[in-house]
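So the structure is just underneath, and the comments pick up after that.
All of the numbers you see were taken from the coordinates with simple rules; none came from a lab. Because the structure is a prediction, the values reported are computed rather than measured. Glycine gets a Cβ as well: all are built from the backbone with ideal geometry, and neighbour counts include every protein chain shown.
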């Protein structure tokens with residue numbers, strides 16, 4: 001599988017604090033990869049680093065083989081990286097359609113943008129029904145669908161999702177996971193997503209990485225990680241056998 005995204009020996013600091021410690025990870029074309037870890041483990045920092053929101057002290061970030069380590073966030077979005085931020089963060093006083101158009105802010109092809117707007121309405125019928133409704137009045141699940149659709153408006157090859165199931169009911173969590181798989185399968189978009197709930201994340205991912213205090217401490221296929229005693233104890237509530 002060809003690497004779409006590759007981080008190689010990446011180190012990030014917040015002042016004197018070593019936030020990411022020599023991390024190396026990849027996401028292949030059309031792949032779903034999960035990034036696991038507890039609070040303050042470095043998951044969100046990794047996402048921000050990929051998006052160019054945080055500067056890298058050393059190491060490289062490559063996208064489709066291009067070194068984007070020093071590239072702007074705008075350049076990365078135009079290259080094909082999109083984001084679904086934590087807690088959805090839709091623009092609450094803007095309509096659904098206005099939120100979708102905001103996702104295409106780096107594009108200048110008006111015809112293509114109009115076509116993609118229609119495509120998102122077809123792909124997410126609930127959003128079409130609420131196209132003139134303020135985003136802040138949508139349910140949590142609908143706001144998450146809007147966040148997905150807004151990210152897709154930039155025609156990405158990779159979407160970075162930061163805890164997409166946060167604050168949702170169990171029923172809506174299942175719907176969100178189903179949508180991630182649908183986006184991946186039907187549109188061929190690769191997904192890297194941060195999640196604290198390992199079993200949920202690994203149920204749809206092909207591979208995963210585990211972060212602790214800014215360092216990747218475990219990696220493997222979803223099955224390997226689910227079967228790993230360290231994962232079972234830390235994330236699945238299963239004690240080690242004596």
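One line per residue, one yes/no per condition, for (1) assigned to a strand (DSSP E or B); (2) more than 15 Å from the chain's Cα centre (by Cα); (3) within 26 Å of residue 24 (Cβ to Cβ):
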site: 164; (1), (2), (3): no, no, yes
site: 168; (1), (2), (3): no, yes, no
site: 193; (1), (2), (3): yes, no, yes
site: 201; (1), (2), (3): no, no, yes
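Hey, residue 67 hits all of (1) surrounded by fewer than 18 Cβ atoms within 10 Å (Cβ to Cβ); (2) under 22 Å from residue 185 (Cβ atoms) but one; which does it fall short on?
Condition (2) is where residue 67 drops out.
For the range 203-214, name all the residues that are part of a strand (DSSP E or B) and either in contact with a strand residue (DSSP E or B) (Cβ under 6 Å, 6 or more places away or on another chain) or closer than 23 Å to residue 151 by Cα (or both).
Filtering the range 203-214 down to residues part of a strand (DSSP E or B) leaves 207-212.
Within the range 203-214, 207, 208, 209, 210 meet the criteria.
Please tell me if residue 225 is surrounded by 17 or more Cβ atoms within 10 Å (Cβ to Cβ), touching a strand residue (DSSP E or B) at 6+ places or on another chain (Cβ under 7 Å) and outside any strand (DSSP E or B).
yes
Hey, residue 172 hits all of (1) within 18 Å of residue 27 (Cα to Cα); (2) in contact with a helix residue (DSSP H, G or I) (Cβ under 6 Å, 6 or more places away or on another chain); (3) assigned to a helix (DSSP H, G or I) but one; which does it fall short on?
(1)
For every residue, the table says whether it meets (1) over 22 Å from residue 75 (Cβ atoms); (2) touching a helix residue (DSSP H, G or I) at 6+ places or on another chain (Cβ under 9 Å).
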| site | (1), (2) |
| --- | --- |
| 13 | yes, no |
| 18 | yes, no |
| 26 | no, no |
| 31 | yes, yes |
| 41 | yes, no |
| 57 | no, no |
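Quick one: how many residues across the range 107-127 are surrounded by fewer than 16 Cβ atoms within 10 Å (Cβ to Cβ) and either in contact with a helix residue (DSSP H, G or I) (Cβ under 8 Å, 6 or more places away or on another chain) or not in a helix (DSSP H, G or I) (or both)?
Residues of the range 107-127 surrounded by fewer than 16 Cβ atoms within 10 Å (Cβ to Cβ): 108-112, 114-115, 118-119, 122, 125-126.
In the following step, the residues that additionally are either in contact with a helix residue (DSSP H, G or I) (Cβ under 8 Å, 6 or more places away or on another chain) or not in a helix (DSSP H, G or I) (or both) were identified as 108-109, 122, 126.
Matching residues across the range 107-127 total 4.
Output yes when any residue across the range 133-149 is surrounded by 18 or more Cβ atoms within 10 Å (Cβ to Cβ) and part of a loop (DSSP other than H, G, I, E, B), and no when none is.
Yes: the range 133-149 contains one or more residues that are surrounded by 18 or more Cβ atoms within 10 Å (Cβ to Cβ) and part of a loop (DSSP other than H, G, I, E, B).
Starting from residues that are part of a helix (DSSP H, G or I) and touching a residue at least 40 places away in the same chain (Cβ under 8 Å), keep the ones in the range 49-77 and report whichever is nearest to residue 19 (Cα to Cα).
The initial filter retains those residues of the range 49-77 that are part of a helix (DSSP H, G or I), namely 49-51, 73-77.
Right, trim to touching a residue at least 40 places away in the same chain (Cβ under 8 Å) and you get 49-51, 77.
Details: 49: 11, 50: 14, 51: 16, 77: 24 Å.
It comes out as 49.
Name the one entry in 217, 181 that is surrounded by fewer than 17 Cβ atoms within 10 Å (Cβ to Cβ) and assigned to a strand (DSSP E or B). Break it down stepwise before answering.
Working: 181 fails: assigned to a strand (DSSP E or B).
That would be 217, the only listed residue that is surrounded by fewer than 17 Cβ atoms within 10 Å (Cβ to Cβ) and assigned to a strand (DSSP E or B).
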